[in-house]
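The structure appears right after this line, and notes come after that.
The values are calculated or read from the model by the stated rules, or taken from the named source; none is laboratory data. Only a predicted model underlies this, so the values are computations on that prediction, with no experimental measurement involved. Note: ideal-geometry Cβ built from the backbone for every residue, glycine included; neighbour counts use all protein chains shown.
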Amino acid sequence: MEYSGAEKESRVEYEISRSRFIARIAPADGVEAGLEYVAAVKKMHPDATHHPYAVTGSPESGAFRFSDDGEPHGTSGMPILNVLKKKELYNTVIVVTRYFGGIKLGAGGLVQAYSHAATLAADAASVARFRLSEIYRVELEYSEFRLLDSLLKATEARIYDINYAERTTATIAVPATNRERFESGFKALTEGRPDKIEHLKSKYFTYTR
């Protein structure tokens, strides 16, 4: 299973009829994490007029949340969510902070303004492909660790944390589709020593960085 999502936070600004719109897009590990991000943005701009937002969860969950945050119903939160859906971005949050400039935009103008701001944010975002992965912790002698590289390449696995001591301890992400191949290869590498590998969890991971 794979999905696309924001890889890191991006920020853009847009102004129309004296109203200033600050749009942010960021990765969110689920809807609740997205709501926490929105709360943090609100604290950064306590004097702003509105903070409409939309956040999507994982493809499996189908979860999402959105809010107009005081703007007329249907003029901001849903247009922002529509941008996330159109771009097919999951586990992603967009929040658009508005500073009212004194000129009313009307319902249609608000829909257009928030859609445009959210689209600018989405277009500016660094987007990554996330793959459902199995996370392992392994402990190897230096001589064994040198042989691990070919197995990592063959299974598209990636080391994302490593500690060098008397033995090398590493945390490795392996695409779920390559789990059996990785485990059998690791077993051959370590002559079947079960104490040298521990499966930690399953999670989505990006291999693009």
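Would you check if Ile94 is β-branched (Val, Ile, Thr), modelled with pLDDT of 95 or more and assigned by TED's automatic domain parsing to the domain that holds Ala23?
Spelling it out, Ile94 is indeed β-branched (Val, Ile, Thr), modelled with pLDDT of 95 or more and assigned by TED's automatic domain parsing to the domain that holds Ala23.
Return the residues of segment 178-199 that are without any contact (Cβ under 8 Å) to a residue 12 or more places away in the chain and either among the charged types (D, E, K, R) or outside the structural domain of Ser143 (by TED's automatic domain parsing) (or both); say none if nothing qualifies.
Glu180, Lys187, Glu191, Arg193, listed by residue number.
Go through segment 140-165 residue by residue and tally those that are of a type in the set (D, E, K, R) and touching a residue at least 24 places away in the same chain (Cβ under 8 Å).
Of the residues in segment 140-165, the ones of a type in the set (D, E, K, R) are 141, 144, 146, 149, 153, 156, 158, 161.
Filter again for touching a residue at least 24 places away in the same chain (Cβ under 8 Å), leaving 141, 144, 156, 158.
Here the count works out to 4.
Restricting attention to segment 29-50, which residues are modelled with pLDDT of 95 or more, closer than 18 Å to Phe130 by Cβ and touching a Gly at 6+ places or on another chain (Cβ under 6 Å)?
The one that is modelled with pLDDT of 95 or more, closer than 18 Å to Phe130 by Cβ and touching a Gly at 6+ places or on another chain (Cβ under 6 Å): Val31.
If Arg129 satisfies every condition in (1) surrounded by 20 or more Cβ atoms within 10 Å (Cβ to Cβ); (2) out of contact with any Leu (no Cβ under 8 Å at 6 or more places or on another chain) but one, which is the exception?
Checking Arg129 against (1) surrounded by 20 or more Cβ atoms within 10 Å (Cβ to Cβ); (2) out of contact with any Leu (no Cβ under 8 Å at 6 or more places or on another chain), the one that fails is (1).
Within the bounds of segment 35-50, is there any residue that is touching a residue at least 40 places away in the same chain (Cβ under 8 Å), touching a Ser or Thr at 6+ places or on another chain (Cβ under 6 Å) and either surrounded by 14 or more Cβ atoms within 10 Å (Cβ to Cβ) or under 15 Å from Ala122 (Cβ atoms) (or both)?
yes
Looking only at segment 110-125, which residues are touching a strand residue (DSSP E or B) at 6+ places or on another chain (Cβ under 8 Å) and either more than 16 Å from Val38 (Cβ to Cβ) or without any contact (Cβ under 8 Å) to a residue 40 or more places away in the chain (or both)? Before the answer, list the steps.
The initial filter retains those residues of segment 110-125 that are touching a strand residue (DSSP E or B) at 6+ places or on another chain (Cβ under 8 Å), namely 113-114, 116-118, 120-122, 124-125.
Scanning segment 110-125 gives Ala113, His116, Leu120, Ala122, Ala124, Ala125.
Of all residues in segment 2-21, count the ones that are within 22 Å of Lys86 (Cβ to Cβ), in contact with a Phe, Trp or Tyr (Cβ under 8 Å, 6 or more places away or on another chain) and not aromatic (Phe, Trp, Tyr).
The qualifying residues number 4.
Among (1) surrounded by fewer than 16 Cβ atoms within 10 Å (Cβ to Cβ); (2) farther than 26 Å from Lys8 by Cα; (3) of a type in the set (Gly, Ala, Ser), which single condition is Ser202 missing?
(2)
Which number in (1) touching a residue at least 40 places away in the same chain (Cβ under 8 Å); (2) surrounded by 15 or more Cβ atoms within 10 Å (Cβ to Cβ) marks the one condition that Val31 misses?
Among (1) touching a residue at least 40 places away in the same chain (Cβ under 8 Å); (2) surrounded by 15 or more Cβ atoms within 10 Å (Cβ to Cβ), Val31 violates only (1).
For segment 101-209, list the helices (runs of 4 or more DSSP H) that sit wholly inside it and hold at least 3 residues that are modelled with pLDDT under 95; which are they?
On the way: elements: 106-124, 142-155, 179-189.
Qualifying helices (runs of 4 or more DSSP H): 142-155, 179-189.
Restricting to segment 158-194, name every residue that is among the hydrophobic types (A, V, I, L, M, F, W, C) and over 24 Å from Leu132 (Cα atoms).
Within segment 158-194, Ala165, Ala188, Leu189 qualify.
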